[in-house]
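Below is one structure, written out as structure tokens, with a few remarks after it.
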Ligand SMILES: C[S@@+](CC[C@H](N)C(=O)[O-])C[C@H]1O[C@@H](n2cnc3c(N)ncnc32)[C@H](O)[C@@H]1O
């Protein structure tokens, strides 16, 4: 059982091979609610340029393509498998020039400064070796006044097996206020945390912040 938890943790971090495919299917269902709730908080406009980092099975990408009919959506994910799956799912949007998908690291983006109005990511901050440096990189590609949204679950509210698997995969889990602290240290302003309320308590959190003018 411990081995299975470890394999799931490493595929949450970097989906690959048959277990990556299975983990992606589980994430697609299990994370859909938090992902859609996060998109609602973004207030994207039809012509916006939006970046999602760590898109995984692509629930947010699909929703952004509906909400940004005249803009552009860019997705960057470390996993070659996730990029391949999303490319095949959204081939028509890529051909139409509405969607660009790349394999890469959120901490080292190839985009020019101030390329985006909105940058977002769900359940991905856990995997950044230097979260402040990576969030600073997200700030670099956001226009001044642009919106950052990072959705996640707090350490003590995660299902035990997920928390254990993630820890075994070298992920860093965050406690109350810690993601806000990262975002503040990276130079963002107007920072706030919202939580997705359920009868069992917060099902997830989202730190929202504005890229400062300089
Ligand atoms: C736990 S999954 C979450 C996927 C999706 N956001 C969701 O909520 O269902 C984390 C995703 O982030 C990707 N990832 C991990 N580290 C990354 C990094 N440094 N830069 C970009 N993507 C990364 C993984 O490949 C994986 O697809």
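List of remarks:
- The order of 111, 190, 77, going from fewest to most other C-beta atoms within 10 Å of their C-beta, is 190, 111, 77.
- Residues of the range 39-67 with amide N under 15 Å of the 7 Å Cα→Cβ point at residue 26: 57
- Sorted by Cβ neighbour density within 10 Å, fewest at the top, the residues 127, 195: 195, 127
- √(5λ) per eigenvalue of the Cα gyration tensor, the range 2-210, largest first, Å: 24, 21, 16
- Distance from the C-alpha centroid of the range 152-214 to that of the range 1-63: 15 Å, rounded to the whole angstrom.
- Modelled spin labels at residue 36 and residue 181, positioned 7 Å past Cα toward Cβ, are 3.5 nm from each other.
- Counting DSSP beta bridges with both ends in the range 2-210, the antiparallel % (nearest 5): 40
- Note on residue 19 and residue 194: with the Förster distance fixed at 41 Å, the Cβ-Cβ geometry gives a FRET efficiency of about 0.80.
- Across the chain, the relative contact order, built from alpha-carbon pairs under 8 Å that are at least six residues apart, equals 21 percent.
Only the coordinates and a few stated rules stand behind these numbers; no lab work does. Just so you know, these numbers come straight off a predicted model, no measurement behind them. Ideal geometry is used to build each Cβ from the backbone, glycine not excepted, and the neighbour counts take in all protein chains shown.
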